[in-house]
Every structure is written in structure tokens, then in C-alpha cells.
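Participant: This is the structure I want to talk about, given as C-alpha cells.
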Amino acid sequence: MSQVVDNLYTDKVPLPVATKTKFMNHVNEEHQDELALFVEAFADTKLSNEMAVVVAEVYSDGLLLEASVQNVGLLLNLEADARPDAVSQFFIEFENVIDETITLKSQYINLLQVASKKLGKQAIKQQERHFTVIDGYYASPNMFRLVVAAPADTPLNHAGYAYLFEMNADVSISHESTNASEKLQRYYTLRKAWQDAETQQIQGWVDTYIHGDTPGGNWARAALAGTQLKSVRDYPEKIAHLNDGQCLLICDETSIPTVANLLENWQNPIAPIVIVVTCDVADRVYLQDIEFSQTLAQIDNFKQHNIVHILNTPAINLPDTIISTIDSCLEATSIHIDKIWGAISAADAKVLRRQLKAQFDLSRQDMVMKVYWRAS
Ligand SMILES: Cc1cc2nc3c(=O)[nH]c(=O)nc-3n(C[C@H](O)[C@H](O)[C@H](O)COP(=O)(O)OP(=O)(O)OC[C@H]3O[C@@H](n4cnc5c(N)ncnc54)[C@H](O)[C@@H]3O)c2cc1C
């Protein structure tokens, strides 16, 4: 599936700019870890943490990836024979050639699935899932909770396991009659899942942030008991790096379900520092009643010491406020942040990813700052 290019120029014709620019910008900014995964899986090359990898070109039959050394100073400190090449190229071939019927997105997801399987990692799954609404209520003033009956193979302990729900899905409508461009979809995380002791049925919570008249919030509030919900994709969040080291978690209303689940299942003996951003102080109660894992329950005053709230208002610069909050948490301690997981808006994630990576000298694997929503 791959071939090392070694500075050879191919005679391939790149895809037209209109088709690929948005894709390249998005993947190069937010999914470098996946590109490194492709290089490892298909070119048997594990890129060192000092290497950044980007899509340099997109062809109808594959991606040209370019890995380069980010920290040149560090490179110069290495013995000559220990230095990786400054720039290496890898051609990663798609399973199918892109044409009118095969999309770039489908081929990228396919690469992700094959690479993850090869390396024994969990990946996106393109599959239909059906949930039945049992109940709905507010878990906090702006967080609407759906209690659902879930498929039997639903993961019970994977914090951040999300589903891509179709807002206008009517399960009685066949695939052929629903045009892909008409589909309105939103990811929502399985906040918690369990097996009901009486019925043996798998049940779960899906918590949706309600902020005005928006498709996600309207979909959740309209789902009465008995409503069938359809998801078309499973997305397991990347959390494996949080198993050890001093972790920092950053969430807003859209990612607080993942953080709540992480804290319920936390096994890492070092307690994380948690930054929680909400637009309404009243939503702080969301984390009030959660039952911390045994590991965290043993730590004195974990909630008071380690969970820090930020009120998001139009008057603040959120990335700056998050950075200064972290600085004051660490002030007068010798704590060093080893790992980060966060999920916020695209604009803020872009700024924080750069700043925090540099501030704590974090590798690609240890710094996960996801985009959960975009300003429209
Ligand atoms: C993997 C993944 C898991 C997710 N899990 C959840 C989840 O469990 N619960 C959940 O509620 N969302 C979750 N999201 C986000 C969700 O998919 C939606 O993008 C989000 O809820 C906004 O959708 P909407 O239809 O309500 O608003 P949109 O119509 O998409 O947005 C309307 C406006 O609201 C603003 N907006 C949206 N979110 C916020 C915010 N947090 N703070 C301030 N302004 C905002 C935007 O600027 C936009 O202008 C997840 C996203 C991903 C990628």
C-alpha cells in the first residue's frame, strides 16, 4: 500500500486544487498523528517525535506525505550517523482510485481503518448503529441527556467513544432516496454505558449541549421515548496516552461528557489537572455528582484542587485565559505536564495546540487537542 519516494518526482497528475485544498489544510493542521500512523503501517517507518508529517500532494491514487525535522537545533545536537534525514517522502496508495463515485474522504478513512487494524489500534468504523430513546432530561441547565438503549457490542468503558448521528434520519427511508449532501450530521459522545441488571440490555447516556436553535440541540430535544436514532460512524477518541504521566485535560460543553467518563474510569496513579470551560456558571454542576474512579476517590480534595473552571464570555481571549489558568495551577509546584487531551473549538484548538506543545515540549502522541465544533 505504500512506497518510499526518496526524492523521485512522480509522473502522477495531482487532483485539482478545489478538491484537495480544504482536505490538506484540515489534515495537516488536525490529523498529523494519523499521517504518522500511515507511514508506520504502510512504510514500516516509525517517525521520531521530532518529525512533523504533512500531506504534500494528493493524487487520484494516493497521498504524497512529507516528513521533516521540526526542531533543527535538536537535530544538530545529534551525532551525524544518528540524525534522521531532514525530509523524507512517502507515497501512500489508496485502495480505490478517486473518481466521480469514489471520494477522497472515503479513501482517507479506509487508510485509517487499515493502518489502525495493522497496528492493533482502534479506529473509525463506518457502520450503521441504531439506538432507541428511553428517556430525556436536563443533566445541567444547558446539557440535555438522552437515555438510550444501545447495540449489544457497545463499549462500556471507553471514554470519548462517539457516534456520528444523522439528525434528519428516518430509518424508514432507504439509502437511495437520501442524498448525501442533504444529510445533517453531528458527533455525540456516549457519556456512559452500562448493562441493565434486569433486562440485560445495554443502555447509555448521550449528552447534548443546548445553545439556542441549533440542529444538534433541536434533534436531541425532539427525541421522545421510543424514537430511533441512527448513527453512521463510530469514532473512538484517542485516550491511550493518558494511562501514565501527569495529564492535563481541557474541555468545554461539547467535550465535558468525555472528561466525566475519563474521571469515572481513571486508573493512572497521578491525578490529572482538569480545565473546564463553560458559557454558563450553572453548568458546573454537570461534574458535581460523578462518581470518581477508585484511584481518584482516594486523593484528598481532588475536585477542589484539580478541577478548575473557566467562564467563557465574548470579553475573554479563551486560549490566553486557559494558558494563564494552567500557569497559575502550576505556579509554586514542580509539576510538569507530560500529556494533554483536550477538545474545544477549531480556532482555539489551533492556538492552544501550538502553544501548549511548545510550552511543555510534548510529542505528537502526547498532545491531543481535538476540534469538536466550528464557529459558523
Ligand atoms: C468526536 C466528537 C464528539 C462530540 N461529542 C459531543 C457531545 O457529547 N456533546 C455535545 O454537545 N457536543 C459534542 N460534539 C460537538 C457536536 O458534534 C456539535 O458540533 C456541537 O454540539 C454543535 O452543534 P449544534 O448543532 O448544536 O450547533 P451548530 O449549528 O453546529 O453551531 C451553532 C453555533 O453554536 C456555536 N457553538 C457550538 N458549540 C459551542 C460551544 N461549546 N461554546 C460556544 N459556542 C458554541 C458555534 O459557534 C456555532 O456558531 C462532539 C464533536 C466531536 C467531533
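The values are calculated or read from the model by the stated rules, or taken from the named source; none is laboratory data. From a predicted model like this one, the values you see are computed outputs, not experimental measurements. Cβ atoms come from the backbone with ideal geometry, glycine included; neighbour counts cover every protein chain shown.
Participant: Of these, 107, 113, 89, 122, which one is of a type in the set (S, T, N, Q), at pLDDT 90 or above and outside any helix (DSSP H, G or I)?
Facilitator: Of the residues listed, the single one that is of a type in the set (S, T, N, Q), at pLDDT 90 or above and outside any helix (DSSP H, G or I) is 89.
Participant: Quick check: is even one residue across segment 297-318 more than 16 Å from the ligand (Cβ to nearest atom) and crowded, with 21+ Cβ neighbours inside 10 Å? Step through it out loud before you land on a result.
Facilitator: Of segment 297-318, the ones more than 16 Å from the ligand (Cβ to nearest atom) are 297-308.
Applying the additional criterion that residues be crowded, with 21+ Cβ neighbours inside 10 Å yields none.
Checking segment 297-318: not a single residue is more than 16 Å from the ligand (Cβ to nearest atom) and crowded, with 21+ Cβ neighbours inside 10 Å.
Participant: Continuing with this model, one more query. So which residues in segment 244-265 are away from the ligand (no atom under 13 Å from the Cβ), over 21 Å from residue 330 (Cα atoms) and polar (S, T, N, Q)?
Facilitator: 265
Participant: Here's a check for you: in segment 347-376, which residue that is without any contact (Cβ under 8 Å) to a residue 40 or more places away in the chain, aliphatic (A, V, I, L, M) and near the ligand (Cβ under 10 Å from one of its atoms) is surrounded by the fewest Cβ atoms within 10 Å (Cβ to Cβ)?
Facilitator: 375
Participant: Based on what the data block shows, is residue 269 of a type outside the set (Phe, Trp, Tyr), in contact (Cβ under 8 Å) with a residue 24 or more places away in the chain, more than 16 Å from residue 140 (Cβ to Cβ) and within 13 Å of the ligand (Cβ to nearest atom)?
Facilitator: No, not satisfied.
Participant: What do you reckon, is residue 205 of a type outside the set (S, T, N, Q), within 8 Å of the ligand (Cβ to nearest atom), modelled with pLDDT of 95 or more and surrounded by 14 or more Cβ atoms within 10 Å (Cβ to Cβ)?
Facilitator: Spelling it out, it is not the case that residue 205 is of a type outside the set (S, T, N, Q), within 8 Å of the ligand (Cβ to nearest atom), modelled with pLDDT of 95 or more and surrounded by 14 or more Cβ atoms within 10 Å (Cβ to Cβ).
Participant: Still on this structure, I have one more. Just need a number here: residues in segment 125-148 that are under 22 Å from residue 232 (Cα atoms) and in a loop (DSSP other than H, G, I, E, B).
Facilitator: Count: 3.
Participant: Looking for something more than 26 Å from residue 375 (Cα to Cα) and touching a Pro at 6+ places or on another chain (Cβ under 7 Å) - is there at least one such residue anywhere in segment 287-295? It would help to see each step written out before you state the result.
Facilitator: First, the residues of segment 287-295 that are more than 26 Å from residue 375 (Cα to Cα): 288-295.
Next, from what is left, pick out any that are touching a Pro at 6+ places or on another chain (Cβ under 7 Å): 295.
Yes, that holds for at least one residue.
Participant: Need the failing condition index for residue 333 against (1) among the hydroxyl-bearing types (Ser, Thr, Tyr); (2) at pLDDT below 95; (3) surrounded by 13 or more Cβ atoms within 10 Å (Cβ to Cβ), just the number.
Facilitator: (3)
Participant: If you don't mind, another one. Among 99, 135, which is acidic (Asp, Glu) and modelled with pLDDT under 95?
Facilitator: 99
Participant: Also: Report the residue count in segment 208-247 for those that are surrounded by fewer than 20 Cβ atoms within 10 Å (Cβ to Cβ), touching a Gly at 6+ places or on another chain (Cβ under 6 Å) and under 23 Å from residue 268 (Cα atoms).
Facilitator: Result for segment 208-247: 0.
Participant: Name the residues in segment 100-133 that are surrounded by fewer than 18 Cβ atoms within 10 Å (Cβ to Cβ) and either under 30 Å from residue 284 (Cα atoms) or in contact with a Gly (Cβ under 8 Å, 6 or more places away or on another chain) (or both), would you?
Facilitator: 132 - this is the single residue of segment 100-133 that is surrounded by fewer than 18 Cβ atoms within 10 Å (Cβ to Cβ) and either under 30 Å from residue 284 (Cα atoms) or in contact with a Gly (Cβ under 8 Å, 6 or more places away or on another chain) (or both).
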